[in-house]
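Below is one structure; the comments refer to it alone.
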Ligand SMILES: [Zn+2]
């Protein structure tokens, strides 16, 4: 059975391929074809969210399952994955982040949410945290 990490890799690859297909076909495809691709991307994105949040508990505020996302950010010219788990319903301020899926899930389950600041502040805070870890690892 694939691990969540393997599923995430496969799904990200599949989503990127679909997006590339949409871009490539953009001028030639019918709107129905493009809609079908959009639907595929939506479906894959749902599966991706489910893989990212595997092991995450329902939101303590509203009981809904959280959503997960992953994106790449650049830290010192290096592309890093950055995971976020958050409530998609009423408690939008509840968001946990990590540089691995497991870290984000752990923070979410421990209710270690981001302070309710704007997104860029949150990113900067996390980058600082990673620098500290990176230094520790290489020394
Ligand atoms: Zn909630």
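Evaluate the distance, in nm, between pseudo-label points positioned 7 Å from the Cα of residue 76 and of residue 92 along their respective Cα→Cβ axes.
It is 3.5 nm.
Order by neighbour count: 90, 75, 105, 41, fewest other Cβ atoms within 10 Å first, most last. Don't jump to the answer; show the numbers that get you there.
Numbers: 90 11, 75 15, 105 23, 41 19.
By the 10 Å Cβ count, ascending, the order reads 90, 75, 41, 105.
How high is the relative contact order of the range 1-54, in percent, with contacts defined as C-alpha pairs under 8 Å that are six or more residues apart? All intermediate terms of the calculation are to be shown ahead of the outcome.
Working: 27 pairs, mean separation 32.6, N = 54.
Reported as a whole number, the value is 60 percent.
What whole-number value in cubic angstrom gives the convex hull volume per residue for the C-alpha atoms of the range 1-75?
Details: hull volume 10.3 nm³, N = 75.
Each residue corresponds to 137 Å³ of Cα convex hull volume.
Evaluate the relative contact order of the range 1-120 (contact order divided by residue number), counting alpha-carbon pairs under 8 angstrom at least 6 apart; express in whole percent.
Values: 161 pairs, mean separation 21.0, N = 120.
About 17 percent, as a whole number.
At 0.36 nm per residue, minus the direct Cα-Cα distance, what do residue 112 and residue 62 gain on full extension? Give it in nm, one decimal, please.
Net length gain for the segment: 16.4 nm.
Among 69, 1, which comes first, second and so on when ranked by fewest other beta-carbon atoms within 10 Å? Could you put the intermediate results ahead of the total?
Numbers: 69 17, 1 4.
With the sparsest Cβ surroundings first, the list reads 1, 69.
For the residue pair residue 20 and residue 1, what label-to-label distance in nm results when each label sits 7 Å from Cα along the Cα-to-beta-carbon direction?
3.1 nm
Every number in this text was worked out from the coordinates using simple rules, so none of it is lab data. Computed from a predicted structure; not experimentally measured. We place every Cβ from the backbone using ideal geometry, glycine too, and count neighbours over all the protein chains shown.
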